[in-house]
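K.L.:
Below are the structure tokens for one structure; questions will follow.
The values are calculated or read from the model by the stated rules, or taken from the named source; none is laboratory data. Here the structure is a predicted model, which means the values were calculated and not measured. Glycine gets a Cβ as well: all are built from the backbone with ideal geometry, and neighbour counts include every protein chain shown.
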Amino acid sequence: MRKFTRLVMVALAVVGGSFMALAASGNTAGASKTTMSMKIAPVHINTATLAQLETLPGIGPKLAQEIIKHRPYKNGQELQSKVKGIGPAVWKKIAPYVLFN
């Protein structure tokens, strides 16, 4: 079968004054396989909006609200100790995208 590469989604958004770009592309062979790749913008954990926090992998509305509720944070260890639901596994997912200011 012929392989087709097509752009599935490109979204550019300005969220809370920060530029965030999300892009996903799919490589399909027939209708069987699709691979997606997403780029996640860094998030300033102490100033991010609810919507910005929800862009982090594994962070939904409830955890985002808890993050906001217990601010400020000096580092990842403090974030994990203050927010129930953010343990080592979640921290490992979000650490590359979290900035402390």
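K.L.:
Across region 55-101, what is the total count of residues that are of a type in the set (A, V, I, L, M, F, W, C) and in a loop (DSSP other than H, G, I, E, B)?
P.N.:
Final tally of qualifying residues: 5.
K.L.:
Return the residue satisfying two criteria in turn: it lies in region 66-101 and is aliphatic (A, V, I, L, M) and touching a strand residue (DSSP E or B) at 6+ places or on another chain (Cβ under 7 Å), and of such residues it is surrounded by the fewest Cβ atoms within 10 Å (Cβ to Cβ).
P.N.:
The qualifying residue surrounded by the fewest Cβ atoms within 10 Å (Cβ to Cβ) is 99.
K.L.:
Cβ-Cβ below 7 Å, separation at least six or inter-chain, first residue in region 60-81 and of a type in the set (Ser, Thr, Tyr), second in a helix (DSSP H, G or I) and surrounded by fewer than 16 Cβ atoms within 10 Å (Cβ to Cβ): which pairs?
P.N.:
What qualifies is 73/82.
K.L.:
Ok, one more. Only one residue in 66, 78 is among the acidic types (Asp, Glu), at pLDDT 95 or above and closer than 16 Å to residue 43 by Cα, so which one is that?
P.N.:
Exactly one of 66, 78 is among the acidic types (Asp, Glu), at pLDDT 95 or above and closer than 16 Å to residue 43 by Cα, namely 66.
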